[in-house]
Amino acid sequence: MQTKAALFRAVGQPLELASIELEEPRHDEVVVRMVAAGICGTDLHQVKGEFHRPTPMVLGHEGAGVVEAVGDAVTLVRPGDEVVLSWAPSCGECPGCRRGRPATCRVLNAALPKGTLPDGRTGMSYRGDTVYRGTATGCFAERVVVSERVALPVHGVPLEEAALLGCAALTGVGAALYAAQVPEGASVLVVGAGGIGQFIVQGCRLAGAATIVVSDPFAARTEQALRVGATHAAAPESLEEVLLEAAPEGVDVGFDAVGAPSTVATALRHTRDGGTTVVVGLPAAGERYDLDPFELIRKEKRLTGTLYGSLDPALTLPDLLEHVAAGRLELGGLIHERFPFERINDAVAASLDGTAGRSLVTFGG
């Protein structure tokens, strides 16, 4: 089966649109015709050379589309179903999956740096050579073949907006509701107001946080965060002053949506004694955090991480759809611009420029 895909070959080179070969779906796999895919920070890490994974690679893991065909053993979806892609299907056997944390799946996490599916295949090739998959998905393509457990049914949401549910919303809202379990009336700090940060803000609002402070160097991002629920916004250089007014004793929960050592330190420093700091953003490969142990010991702060919302996406997606249907969770307003697939390099460039909202790639036909 042939499909057009965007190949990442090397840092500094534009993504190359090419016709690649897809293996036919196996008994438990489905063919999804992509409708939209978001440009995620994980994709940008690869584009910038901050992740080191094999190439050529089809990036993209935050997407939505329509099921076109299914293997003979598929029971979860049917042709014609609208679906969101989950990059972390549960294997059901490893310790993480048995605890309901498929993003920590040992099989999956062994596959991610190798650019393969969990079973070690890629199912993609170009002129006889292997093509690798970004985040075990590779949805910067007009069609993709994935396990039926990757294709989660979605309803009541335009697919272009639903694409954001595939990563940014599940990750950000989940960080607030499930990982941090933000208490009603809490004060929080969100460092970084990109795609994930905007959904952390919304998750904190859904949890009933009373004070939501957002810090980001891009004014357009902080303005957007204020629109979706933040109560205070600050550039990094004015954060101390804003927090002195909004949360003089420190915040109950600090979120880092960037992942850089400096931003993690900022979130931890402004978390109150006995509070919790949650690292959501992914760092570049090889980064290390320089921590003062007395922040954790004498001040009894808790430092933890979260991945993909800390619960099984197959279980949490219906909750998010319910929030969207009730008007409590915004999707469409967080899309910065829609780019046709032929302009995917413009979408990547816009994301690298720090625009407010998600850059979305749309697929015609």
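Kirkwood radius for region 172-307, taken over all pairs of different Cα atoms as the inverse mean of 1/r, rounds to 14.2 Å.
Report the gain in length on full extension from ILE297 to HIS155: 0.36 nm times residue separation, minus Cα-Cα distance, nm rounded to one decimal. Before the final figure, lay out each step's value.
On the way: separation 142, 0.36 × 142 = 51.12 nm, distance 4.68 nm.
Taking 0.36 nm per residue and subtracting the Cα distance, the gain is 46.4 nm.
Among the trypsin sites (Lys or Arg not before Pro) found in region 26-117, those both in a DSSP coil and sparsely packed, with 14 or fewer other Cβ atoms within 10 Å of their Cβ, are LYS48, ARG99.
Couplings 3J(HN,Hα) for region 132-148, derived from phi with the Karplus relation 6.51 cos²θ - 1.76 cosθ + 1.60 (θ = phi - 60°), are 9, 10, x, 6, 6, 9, x, 9, 7, 8, 5, 9, 9, 9, 9, 4, 4 Hz, where x marks Gly and Pro.
Amide H contacts under 5 Å for ALA233: VAL214, restricted to partners 5 or more places along the chain or on a different chain, H placed in the peptide plane at 1.01 Å from N.
Quick one: length gained pulling ALA326 to ALA210 fully straight, 0.36 nm per residue minus the C-alpha distance? Please report the intermediate quantities before stating the final value.
Details: separation 116, 0.36 × 116 = 41.76 nm, distance 2.09 nm.
Extra length available between ALA326 and ALA210 comes to 39.7 nm.
Calculated from the structure, volume of the Cα convex hull per residue in Å³ equals which of (1) 156; (2) 294; (3) 124? Recomputing volume of the Cα convex hull per residue in Å³ here gives the entry labelled (3). Among PHE341, PHE199, PHE218, which one shows the biggest mean-square fluctuation in a GNM of the chain, springs joining Cα atoms closer than 10 Å? Evaluated over the chain, the most mobile residue of the options is PHE218.
Restricting to DSSP loop positions (anything but H, G, I, E, B) with no more than 13 other Cβ atoms inside 10 Å of their own Cβ, which trypsin sites (Lys or Arg not before Pro) remain in region 262-365?
Values: sites: ARG269, ARG272, ARG288, ARG298, LYS299, LYS301, ARG302, ARG328, ARG338, ARG343, ARG358; in loops: ARG288, ARG298, LYS299, LYS301, ARG328.
Answer by residue number: ARG288, ARG298, ARG328.
For LYS114, the lysines whose Cα falls under 21 Å of its own Cα, not counting residues fewer than eight places away in the same chain, are LYS48. Enter the angle in degrees (range 0 to 90, nearest 10) between the Cα long axis of helix 195-207 and the first principal axis of the Cα atoms of the chain, meaning the one along which they spread out most. Computed tilt is about 60 degrees.
Beta-bridge orientation, the chain: approximately 55 percent antiparallel, per DSSP, counting only bridges with both partners inside.
For the chain, relative contact order (Cα pairs under 8 Å, six or more residues apart, normalised by length) works out to 17 percent.
Starting from region 142-225, pick out the GluC sites (Glu not before Pro) whose DSSP state is loop and whose Cβ has at most 14 other Cβ atoms within 10 Å. Present the calculation step by step, with values, prior to reporting the outcome.
On the way: sites: GLU142, GLU148, GLU160, GLU161, GLU184, GLU223; in loops: GLU142, GLU148, GLU184.
Within region 142-225, the qualifying GluC sites (Glu not before Pro) (loop, at most 14 other Cβ atoms within 10 Å) are GLU184.
Between VAL214, VAL66, VAL11, the Gaussian network model of the chain with springs among Cα atoms under 10 angstrom shows the greatest mean-square fluctuation at VAL11.
The C-alpha atoms of the chain define a longest principal axis, and helix 313-325 lies at about 70 degrees to it. Scalar couplings 3J(HN,Hα) for region 43-50, obtained by applying the Karplus form with A = 6.51, B = -1.76, C = 1.60 to θ = phi - 60°, are 4, 5, 4, 5, 4, 7, x, 8 Hz; x denotes Gly and Pro. If you run the Gaussian network model on the chain, springs between alpha carbon atoms under 10 Å, then out of LEU315, LEU159, LEU352 the most flexible one is LEU315. To the nearest Å, what is the center-to-center distance of region 247-297 and region 133-161, using C-alpha atoms only? Computed from Cα coordinates, the inter-centre distance equals 32 Å. 3J(HN,Hα) couplings calculated from phi for region 62-67 with the Karplus curve 6.51 cos²θ - 1.76 cosθ + 1.60 (θ = phi - 60°) are, in sequence order, 9, x, 9, x, 10, 5 Hz; Gly and Pro show x. Its Cα centre serving as origin, region 281-324 has a Cβ charge dipole (Lys and Arg +1, Asp and Glu -1) of approximately 240 debye.
Laboratory data are not the source of any read-out in this text; all were calculated from the coordinates shown. This structure is a prediction, so every number in the text was calculated from the model and none was measured. We place every Cβ from the backbone using ideal geometry, glycine too, and count neighbours over all the protein chains shown.
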